[in-house]
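Have a look at the structure below, then the notes.
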Amino acid sequence: MAVEWVVAAGVLVGASAVLWGLSAWMTRRIEATVPINVISLDRPGSGYSTRHSGTPADLPAQARQIAAFIKTLDLDKPLVLGHSLGGAIALALALDHPHAVSGLVLVAPLTHPQRMLPLVFLSLAVRPAWLRRWVAHTLTLPIGLLTKDSVVKGAFAPDPAPPDFASRGGGLLGMRPDNFYAASTEINRVNDHLPEMVKRYSQLTLPIGLIYGGQDKVLDFQKHGQALASKVPGLKMQVIEGRGHMLPITATERVAALVEQVAKRVRPGENVRQLQPSVALASK
């Protein structure tokens with residue numbers, strides 16, 4: 001009887017090992033067949049992400065964090081889309097970690113130093129750090145509640161802002177003290193490295209898509225877009241006449257089409273599935 005139990009146990013262990021290995025193999029096959037489509041990444045301190053005390057907020061540091069994220073998830077040189085300040089981070093990523101990405105889609109990106117902040121973001125220009133912390137925890141919410149409609153309107157102008165942007169679009173999150181502090185810290189460090197980045201733009205050789213709104217009130221398409229295109233060999237800029245800064249929301253189909261164009265340049269000959277508007281919006 002004892003021998004029979006030993007044999008049964010051995011059969012069970014062996015069968016379990018085979019099934020375990022088969023399951024692991026099938027899982028890898030499934031993930032290869034259905035790869036991750038879009039990953040939406042919050043900068044540290046934005047959305048529901050956190051930025052721990054002492055975590056650097058400059059462009060190279062954020063590029064390092066994203067490069068580490070790409071390596072950790074083994075994303076195999078993804079196509080990176082960056083909007084506004086995210087565009088500057090995407091450029092820093094391509095310059096400092098060229099083997100981490102296959103291409104860039106830059107949507108109304110910040111590309112050059114700007115002495116004055118856009119009026120809509122002027123409240124973020126708070127120095128020094130202790131004052132920024134005090135403002136974040138005392139004035140941000142009351143002032144934000146009074147000015148949120150004008151801030152959203154200014155960010156979208158001349159396009160109308162979606163009526164549910166504060167909730168569905170997450171606009172309200174920016175009024176939280178930690179979010180304000182993180183964004184203000186980023187803004188106050190952004191010009192530290194942009195001048196050096198500008199000198200290196202001519203080194204960019206990967207596929208890049210560049211698109212702006214012709215009536216962008218936040219970042220001028222000539223000062224940032226045309227200036228970038230003039231430095232990157234072969235880069236062409238698309239301009240959507242009459243549109244503002246928030247193109248991932250107001251011109252979703254054009255942004256999705258640009259993603260598809262760059263993806264085809266990154267992997268010529270492969271079929272690129274047409275991105276639906278909701279997917280393109282997620283990529284913001």
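Residues in region 149-169 that are within 23 Å of the chain's Cα centre (by Cα) and either part of a helix (DSSP H, G or I) or of a type in the set (Gly, Ala, Ser) (or both): 151, 152, 153, 154, 155, 156, 157, 161, 166, 167, 169.
To keep it simple, each residue is scored yes or no on (1) within 25 Å of residue 51 (Cβ to Cβ); (2) touching a Lys or Arg at 6+ places or on another chain (Cβ under 9 Å).
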site: 131; (1), (2): yes, no
site: 145; (1), (2): yes, no
site: 151; (1), (2): yes, no
site: 158; (1), (2): no, yes
site: 164; (1), (2): no, no
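Residue under question is residue 231, and the condition is that it be in a helix (DSSP H, G or I), at pLDDT 95 or above and not hydrophobic (A, V, I, L, M, F, W, C); does it hold? It would help to see each step written out before you state the result.
Details: in a helix (DSSP H, G or I): no; at pLDDT 95 or above: yes; not hydrophobic (A, V, I, L, M, F, W, C): yes.
In short, no.
Filtered by the rule that a residue be of a type in the set (Gly, Ala, Ser) and without any contact (Cβ under 8 Å) to a residue 60 or more places away in the chain, region 30-55 gives 32, 49, 53, 54.
Would you please name the residue that is farthest from residue 247 (Cα to Cα), looking only at residues in region 94-121 that are of a type outside the set (Lys, Arg) and more than 22 Å from the chain's Cα centre (by Cα)?
Of the residues in region 94-121, the ones of a type outside the set (Lys, Arg) are 94-114, 116-121.
Now narrow it down to the ones that are more than 22 Å from the chain's Cα centre (by Cα): 116, 119.
Details: 116: 22, 119: 19 Å.
For region 94-121, the residue satisfying everything is 116.
Among the residues making up region 141-165, those that are among the acidic types (Asp, Glu) and either without any contact (Cβ under 8 Å) to a residue 24 or more places away in the chain or open to solvent by 90 Å² or more (accessible area, probe 1.4 Å) (or both) are 149, 164. Residue pairs whose Cβ atoms lie under 8 Å apart, sitting 6 or more positions apart in sequence or on different chains, and linking a residue in region 207-228 that is farther than 15 Å from residue 114 by Cβ and without any contact (Cβ under 8 Å) to a residue 60 or more places away in the chain to a partner that is of a type outside the set (S, T, N, Q) and surrounded by fewer than 16 Cβ atoms within 10 Å (Cβ to Cβ), are 214/241; 214/242; 215/158; 215/241; 215/242.
Here are some residues: 36, 66, 70. Which one is under 29 Å from the mean Cα position of the chain (by Cα), among the hydrophobic types (A, V, I, L, M, F, W, C) and open to solvent by 60 Å² or more (accessible area, probe 1.4 Å)?
On the way: 66 fails: open to solvent by 60 Å² or more (accessible area, probe 1.4 Å); 70 fails: open to solvent by 60 Å² or more (accessible area, probe 1.4 Å).
On inspection, the qualifying residue turns out to be 36.
Checking each residue of region 181-200 against the condition of being among the charged types (D, E, K, R), at pLDDT below 95 and under 16 Å from residue 120 (Cβ atoms) gives at least one match. Only residues that are assigned to a helix (DSSP H, G or I), at pLDDT below 90 and open to solvent by 60 Å² or more (accessible area, probe 1.4 Å): list them for region 119-140, please. Answer for region 119-140, where residues must be assigned to a helix (DSSP H, G or I), at pLDDT below 90 and open to solvent by 60 Å² or more (accessible area, probe 1.4 Å): 119, 121, 122, 123.
Does residue 63 meet the test of being modelled with pLDDT under 95, out of contact with any strand residue (DSSP E or B) (no Cβ under 9 Å at 6 or more places or on another chain) and of a type outside the set (S, T, N, Q)? When the stated conditions are applied, residue 63 does not pass them. Restricted to region 234-272, and to residues that are over 18 Å from residue 205 (Cα atoms), part of a helix (DSSP H, G or I) and without any contact (Cβ under 8 Å) to a residue 40 or more places away in the chain, which residue is least open to solvent (accessible area, probe 1.4 Å)? Out of the qualifying residues, it is 256.
Among the residues of region 111-118, is any open to solvent by 50 Å² or more (accessible area, probe 1.4 Å), free of Cβ contacts under 8 Å to residues at least 60 places away in the same chain and not in a loop (DSSP other than H, G, I, E, B)? No, every residue in region 111-118 fails to be open to solvent by 50 Å² or more (accessible area, probe 1.4 Å), free of Cβ contacts under 8 Å to residues at least 60 places away in the same chain and not in a loop (DSSP other than H, G, I, E, B). Every condition in (1) assigned to a helix (DSSP H, G or I); (2) at pLDDT 95 or above; (3) over 30 Å from residue 127 (Cα atoms); (4) not small (Gly, Ala, Ser) holds for residue 215 except the one numbered (1).
The values are calculated or read from the model by the stated rules, or taken from the named source; none is laboratory data. Not measured: the values here are computed from a predicted model. Cβ: placed from backbone, ideal geometry, glycine included. Neighbour counts: every protein chain shown. With ligands, DNA and RNA removed, areas are computed over all heavy atoms of the protein, side chains included. Shrake-Rupley method; radii C 1.70, N 1.55, O 1.52, S 1.80 Å.
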